[in-house]
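Reading through the structure tokens given below for one structure.
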Amino acid sequence: MYNNYQAFLQKELDQIKEAGLYKNERILVGPQGAEIKISTGQTVLNFCANNYLGLSNNKVLIDAAKKALDSHGYGMSSVRFICGTSDIHKTLEKKIAEFFGTDDTILYAACFDANGGVFEPLFGEEDAIISDSLNHASIIDGVRLCKAVRYRYENADMADLEKQLQLAQAQRFRVIVTDGVFSMDGNVAPLDKIVVLAEKYNALIMVDESHSAGVVGKTGRGVTEEFNCRGKVDIFTGTLGKAFGGAIGGFTTGRQEIIDMLRQRSRPYLFSNSIPPAVAAAGIAMVDMMNTTSELQDKLHSNVKYFGEKMQKAGFDCKPTQSAIIAVMLYDAKLSQEFASKLLEEGIYVIGFYFPVVAKGKARIRVQLSAAHEVEHLDKCLAAFTKVGKELGVIK
Ligand SMILES: *Cc1c(COP(=O)(O)O)cnc(C)c1O
């Protein structure tokens, strides 16, 4: 039987390769950081990690994880509701709720699971989900698992959102769902305006803070800090896999009854293992750090400003950003790939994105900044961009 199937798969794989869409993975042979070693022997500057606060290899987090390995062991061998809940899990849930100003938190193995398990238990076929067109794949999948009526509005387009909200008056309950930061452009969801529309049309709000938590807002509290509307969002989802340490784990945090219901009915929570105690303990250390100082946010914000201004001055066409993501627009798909590989030769690791990841004719290089970057790292990256940009005729 496998022979036929193998031939079928091989043909599909060949087609992916022919279309130039085959993903090859680079192999790191050391910790994640501003400088990374790859298996080719090259050391490069990393500008494509979600390591926004530089915590992926942070000593305080590593020490907290090591201590928990000694005190609480390696694994929980259980889902939460059987015997997979430790004091560390409960403490982390409480700390995340305090961080976002919410009532309670529920942990998942990943934010993919948080989004996969948030809609189906909360909304039924009488209800409406109104989702931004650029929302993350895990939100799209989560919505698919739910019977609610679906509405979609153009990215951050408030006139379109209003239109969809009017249509959704036909349903019982409505929830507006948006990413906090959209990962391809670096723009922030206009939460101040979303709050106004939600009040006018009687809708709940859910924000996925995966790219915004720890990053957006003066102290990294995310989009509600940026727009001064804490307390107005009913549901947040987020990840421990980006700014918050970069390991693994996700969460939903929000109103008490919502979290209570998810603990009873959310399938990825009920039928998937607890995160390891070491990861939860490092998460606690991370929140404690954020509560003591916003030094890392300050450094990240100043890096973004420095890099963005110098790129603009060099003549690059960068999308306006309110996050740690800077999209350097090149428009042409082939050019974006050539540009990225030339940058790698210069020791700068970035990724070029093109259709279908972004719209046709909107190819770009995405630069992700980090508090782990020093000014000399940024200067090296800027010099490489300028050199390659001139070589390829992108700038004069
Ligand atoms: C990265 C990301 C996720 C997935 O997070 P994991 O914890 O890695 O599963 C979900 N939503 C958004 C918006 C993301 O950017």
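The values are calculated or read from the model by the stated rules, or taken from the named source; none is laboratory data. Every value quoted in this text rests on a predicted model; they were computed, and no experiment measured them. Note that each Cβ is placed from the backbone with ideal geometry, even for glycine, and that neighbours are counted across all protein chains shown.
So here's what we get for this one:
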{"item": "Which numbered condition VAL177 fails, given (1) hydrophobic (A, V, I, L, M, F, W, C); (2) out of contact with any helix residue (DSSP H, G or I) (no Cβ under 8 Å at 6 or more places or on another chain); (3) without any contact (Cβ under 8 Å) to a residue 60 or more places away in the chain; (4) within 16 Å of the ligand (Cβ to nearest atom)", "result": "(2)"}
{"item": "Selection from region 227-253 of residues that are more than 10 Å from the ligand (Cβ to nearest atom), polar (S, T, N, Q) and either closer than 17 Å to ALA137 by Cα or part of a strand (DSSP E or B) (or both)", "result": "THR252, THR253"}
{"item": "Given (1) loosely packed, with under 13 Cβ neighbours inside 10 Å; (2) hydrophobic (A, V, I, L, M, F, W, C); (3) in a strand (DSSP E or B), index of the condition LEU13 fails", "result": "(3)"}
{"item": "Any hit, region 201-209, residues being away from the ligand (no atom under 12 Å from the Cβ), of a type in the set (Phe, Trp, Tyr) and either without any contact (Cβ under 8 Å) to a residue 24 or more places away in the chain or more than 30 Å from SER56 (Cβ to Cβ) (or both)", "result": "yes"}
{"item": "Restricting region 94-113 to residues that are farther than 22 Å from LYS147 by Cβ, β-branched (Val, Ile, Thr) and not in a helix (DSSP H, G or I), the residue that is farthest from the ligand (Cβ to nearest atom)", "result": "THR102"}
{"item": "Residue match in region 23-30 (condition: more than 25 Å from PHE353 (Cα to Cα) and not acidic (Asp, Glu))", "result": "yes"}
{"item": "Output for region 204-227, where each listed residue is surrounded by fewer than 23 Cβ atoms within 10 Å (Cβ to Cβ) and among the hydrophobic types (A, V, I, L, M, F, W, C)", "result": "LEU204, PHE227"}
{"item": "From the options LEU300, LEU296, LEU330, residue that is more than 20 Å from the chain's Cα centre (by Cα) and crowded, with 21+ Cβ neighbours inside 10 Å", "result": "LEU330"}
{"item": "Boolean, LYS23 is in a helix (DSSP H, G or I), modelled with pLDDT under 95 and of a type in the set (Lys, Arg)", "result": "no"}
{"item": "Any pair with Cβ under 6 angstrom, 6 or more apart, that starts in region 125-153 at a residue that is within 23 Å of PHE355 (Cα to Cα) and ends at one that is more than 15 Å from the ligand (Cβ to nearest atom)", "result": "SER131/ARG152; SER133/ARG152; SER133/GLU154; TYR153/ASP160; TYR153/LEU161; TYR153/GLN164"}
{"item": "Search result, residues across region 114-144 that are near the ligand (Cβ under 8 Å from one of its atoms) and either part of a loop (DSSP other than H, G, I, E, B) or buried (at least 24 other Cβ atoms within 10 Å of the Cβ) (or both)", "result": "ALA114, ASN115, ASN135, HIS136, ILE139"}
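Condition check ((1) surrounded by fewer than 20 Cβ atoms within 10 Å (Cβ to Cβ); (2) of a type outside the set (Ser, Thr, Tyr); (3) touching a residue at least 40 places away in the same chain (Cβ under 8 Å)) across all residues:
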| position | (1), (2), (3) |
| --- | --- |
| PHE47 | no, yes, yes |
| LYS59 | yes, yes, no |
| THR102 | no, no, yes |
| CYS111 | no, yes, yes |
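Yes/no per residue for (1) closer than 30 Å to ASN46 by Cα; (2) buried (at least 19 other Cβ atoms within 10 Å of the Cβ):
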site	(1), (2)
VAL233	no, yes
LYS242	yes, yes
GLY245	yes, yes
ASN291	yes, no
GLU309	yes, no
GLY315	yes, no
